[in-house]
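J.: Here it is, the structure in full.
The values are calculated or read from the model by the stated rules, or taken from the named source; none is laboratory data. Just so it is clear, the model here is predicted, and its values are computed rather than measured. As a convention, Cβ positions derive from the backbone with ideal geometry for all residues, glycine included, and neighbour counts pool all protein chains shown.
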There are 2 protein chains.
Amino acid sequence: MRVSLKDVAAHAGVSIKTVSNVVNDYQHVTPAMRARVQRSIDALGYRPNLAARHLRKGRTGIIALALPEFGNPYFAELAAAVIDAAAEHDHIVLLDHTGGRREQEVLVSQAFRARVIDGLILSPIELSADDLRDRAEDVPLVLLGEREYDLPYDHIAIDNVAAARTAVRHLISLGCREVAFIGARRGNSEPAELRLRGWRAELTSAGLSVDDGLVAATDGWGYGDGAAAMVGILTAGRRPDAVFAYNDPMAMGAMRVLHEWGLRVPEDVAVVGFDDVVEGRFGAVTLTSVSPDKEAIGRLAVESVLARLGGTTSEVRRIRAGHRLVERESTLGRRHAAHDGTIRVPS
Amino acid sequence: MRVSLKDVAAHAGVSIKTVSNVVNDYQHVTPAMRARVQRSIDALGYRPNLAARHLRKGRTGIIALALPEFGNPYFAELAAAVIDAAAEHDHIVLLDHTGGRREQEVLVSQAFRARVIDGLILSPIELSADDLRDRAEDVPLVLLGEREYDLPYDHIAIDNVAAARTAVRHLISLGCREVAFIGARRGNSEPAELRLRGWRAELTSAGLSVDDGLVAATDGWGYGDGAAAMVGILTAGRRPDAVFAYNDPMAMGAMRVLHEWGLRVPEDVAVVGFDDVVEGRFGAVTLTSVSPDKEAIGRLAVESVLARLGGTTSEVRRIRAGHRLVERESTLGRRHAAHDGTIRVPS
DNA sequence: GTGAAAGCGCTAACAG
DNA sequence: CTGTTAGCGCTTTCAC
């Protein structure tokens, strides 16, 4: 049997309340009393029962984080950032994955699976505004990612349109004139909308034609999808001189196909990805990518949930995290390694 | 205010117990009564308070999973497997990462950070047997991964020695005679011990010399570590004709360096990784790898925790999950893609 | 089959 | 500064 406050109180010869005061670092306890109680706590190996505390306080100290999938390393890295940020605030993270499927996202958003949580951070893919509007749930919800809803929920994201424009501008500045977009779209939802918009806007403002034949729709967001999209463009007879992919895995899948087709990166086709995933830094050709500030996203998401929990904030906030373009070999031209034993790891 | 059992009972004009019976699918409730209560539940939108249930039952339905890092895609994929397996059993997963650092692993093993959990699945790197022996904690612990301890905790893993031997045997069968081992070792702990032992055993039984100059120690287990290790071997003037890496990221880092040095894979150097991570399937040269059955590992780990929780098992179990060698281009020789529009994704 | 009452371990009022 | 008491929402005996 676990030892309870009562046991400690009996052992120390004081009341339950006094022990509680010590455990909770209550201000007005005499040092002598504190020491005495602490001795009993140590002697009995007392550890507070969180379930009871939760029942009483109505808080659990647990934040749920629901991401589409961990197979995409961006989300794995984001999860790490959220876990660390939560730990800073003495909270713990319950992790779930939705597969980017609407019904899973709806379930998660209503906290069906995990009802022990104080708050919820969700990165939706297919979820609609209506699904969210129907949400009858009082735990605070914070949204992450590219989808934007006109609803009273905090949203943390980078400026996707601007980021996409930066990527495309970079390609154009290298002399590319036919920039393909490999992006995820399926069904009604259009998760890649903002990045596609940025692609379109930048091409237009550069005076280049916006050619929808160079936009490849995909079913998912993985390597295989990027590869399939690239094959689609090539077999359609198109030969773009640049590819801007929705994310890094898709960019890498595309590069794999380009390689198989005997097209060189970046000489024949320059490639830019999105997310700046660690994997992109170690391929035969390192990948230029838009790098969102994941650490900031994680931190802001956690702080946002906690602020709402504390009741300090009432207004809905759209928070922009930073981003920057990290230029590597897939656009900058092939550099050759100095065979002097130094290892060059592009940052 | 949330609606409680009492509210529902009042609304339905029955006792609390009856409502509880309905909520918990208790057998002996008349259908009429069940319907009536259910109507009140729906009308009021009642949802059970888990904190209260936990307090009463002493169970939370939460399993903690502590992994070294999610940056390594193997662990990301493993996390997904555990989450799914737990969901099958109506349990939820609390995720934590240790960074593979001993003090973090000790903390986690004692459930310090997360005291709301029914059980714990831990994949240790540096943790010592003594650390574990000192563990004064009653929540069931299940261990994952290559480290083996002679302690009363269930352990789920593949047969690392046999798996490593298979990998090395494959390389030898291709005519390789100088097989380097790129593995993680630092401080006193030797996480790569079993795989290194397999490497040694297979070389010996093939009548090849075991050359410690071909064993590269590293600080971590990432791309950069693999790259650095490869640079170390090459700058030492060694030219192995094969590399067996502790894991896929390290293998990919090594391949990157081989590429920079103008060495072709697999013509000059064949490479085998470990973990069969999805990333390995899409590089310019796809990676041959030992593929552990992650799905089985996740499932067995969850079942192991729950069995111990149910008190059905008392004996300590060492469970072996399956593995197989997936042969791809990094050993099998470069195949050229058929430019017929079909996309070939090596399984 | 259903109801009444006790209590899981803790915290928050309020007394003292 | 410390003790007493009530009750968070639920499950679990035990009567009826």
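J.: Please count how many residues of segment B:50-86 are under 10 Å from the mean Cα position of the chain (by Cα) and more than 21 Å from A:E279 (Cα to Cα).
T.: Residues meeting the conditions: 4.
J.: Considering only residues that are more than 9 Å from DNA strand C (Cβ to nearest atom) and closer than 21 Å to B:L55 by Cβ, look in segment A:11-57 and name the one that is surrounded by the most Cβ atoms within 10 Å (Cβ to Cβ).
T.: Looking at the filtered set, the residue picked out is A:I41.
J.: Go through (1) within 11 Å of another protein chain (Cβ to nearest Cβ); (2) among the basic types (K, R); (3) surrounded by fewer than 24 Cβ atoms within 10 Å (Cβ to Cβ) one by one and return the number of the condition B:R238 breaks.
T.: Going through (1) within 11 Å of another protein chain (Cβ to nearest Cβ); (2) among the basic types (K, R); (3) surrounded by fewer than 24 Cβ atoms within 10 Å (Cβ to Cβ) one by one, B:R238 breaks only (1).
J.: For segment A:47-60, enumerate the residues that are more than 16 Å from DNA strand D (Cβ to nearest atom) and more than 8 Å from chain B (Cβ to nearest Cβ).
T.: none
J.: Follow-up question, since we're still on this one. Determine whether A:Q38 is of a type in the set (S, T, N, Q) and within 11 Å of chain B (Cβ to nearest Cβ).
T.: Taking the combined requirement at face value, the residue does not satisfy it.
J.: Here is a list: A:A337, A:A284, A:A245, A:A307. Which entry is among the small types (G, A, S) and at pLDDT 95 or above?
T.: Sole residue among the options that is among the small types (G, A, S) and at pLDDT 95 or above: A:A245.
J.: Next question, about the same structure. Hey, does segment A:23-43 have a residue that's touching a residue at least 24 places away in the same chain (Cβ under 8 Å), more than 9 Å from DNA strand D (Cβ to nearest atom) and basic (K, R)?
T.: Yes, segment A:23-43 has at least one match.
J.: Please specify each residue of segment A:100-109 satisfying the condition of being surrounded by fewer than 19 Cβ atoms within 10 Å (Cβ to Cβ) and within 21 Å of B:V3 (Cα to Cα).
T.: Scanning segment A:100-109 gives a single hit, A:L107.
J.: I'd like the full set of residues that are farther than 20 Å from A:S289 by Cα and either free of Cβ contacts under 8 Å to residues at least 40 places away in the same chain or of a type in the set (A, V, I, L, M) (or both), limited to segment A:229-255.
T.: A:V231, A:G232, A:I233, A:L234, A:T235, A:A236, A:G237, listed by residue number.
J.: Additional query: Of all the residues that make up segment B:282-336, how many are within 14 Å of chain A (Cβ to nearest Cβ), basic (K, R) and not in a helix (DSSP H, G or I)?
T.: Qualifying residue count, segment B:282-336: 3.
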